[in-house]
Amino acid sequence: MTDHAAVPVDQVVDRYSGLARLAQAGGTPLDCESDDFEQGCFGAAAYRQDRQDVPEAALRASLGCGNPLAVAELRAGDTVLDLGSGGGLDVLLSARRVGSAGTVYGLDASEDMLALARSNAAQAGVANARFLHGHIEDIPLPDATVDVVISNCVINLSADKPRVLAETFRVLRPGGRLGVSDVIADDDLDPARRAAAEARVGCANGTLTASGYERLLQRIGFVDIQITVTSGAGDGLHSAIVQATR
């Protein structure tokens, strides 16, 4: 993680609450600028194969840096948790994949985002989605209750990533899977350049490097760790898929 001052959590929540209100009003919110990512893997552009039967508002409010569902291997009957579920796009798509026997929880710290997500779920007729208010550093679910944890460009926003990943480990069942999209930094990127790149991109708060991410996951107890860069954000930052098993 960088050694510059982290963005306070209330500022992060306020920012995304404003973006949710914009989406509710029919606008198209932007967090990272779309031209900061190559190959179109930004926002709804990463979901080219999953756009059918999804409310347009959920697509408009997609603020991710990839598509974690492309690697999450969701199965019928799974219990899934989306960290920082935003407008609910990944929750709705996951709910479709796990079927009526499964349950998908969307966790978000913004009441405005939760209101938008619940509206989108109702419009889509999704009955197996549950939306929770809370912080990803303190997940409001019991131990060992989740089969899969997903997230899209949210863990990078936390100022306490070790706690987020430890909480993720806690709620996963033995053998449970982690599959998230996140922003990472080159190993040799010095703190000043990393801080400047994060300020330009706008959706990062002390990025981890790939090696730092792997060490942290190993220390917590995760195995089968894979980190795959999916596109570049410029200036030493990249979007990546992070996979691991409890």
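Readers should treat all values here as calculations from the given coordinates under stated rules, not as data from a laboratory. Here the structure is a predicted model, which means the values were calculated and not measured.
May I ask you to list the residues in the range 209-246 that are more than 17 Å from ARG163 (Cα to Cα), outside any strand (DSSP E or B) and under 19 Å from the mean Cα position of the chain (by Cα)?
Scanning the range 209-246 gives a single hit, ALA210.
Only one residue in GLY106, GLY99, GLY86 is of a type in the set (Gly, Ala, Ser) and more than 26 Å from SER158 (Cα to Cα). Which one? Working first, answer last.
Values: GLY106 fails: more than 26 Å from SER158 (Cα to Cα); GLY86 fails: more than 26 Å from SER158 (Cα to Cα).
After applying the criteria, what remains is GLY99.
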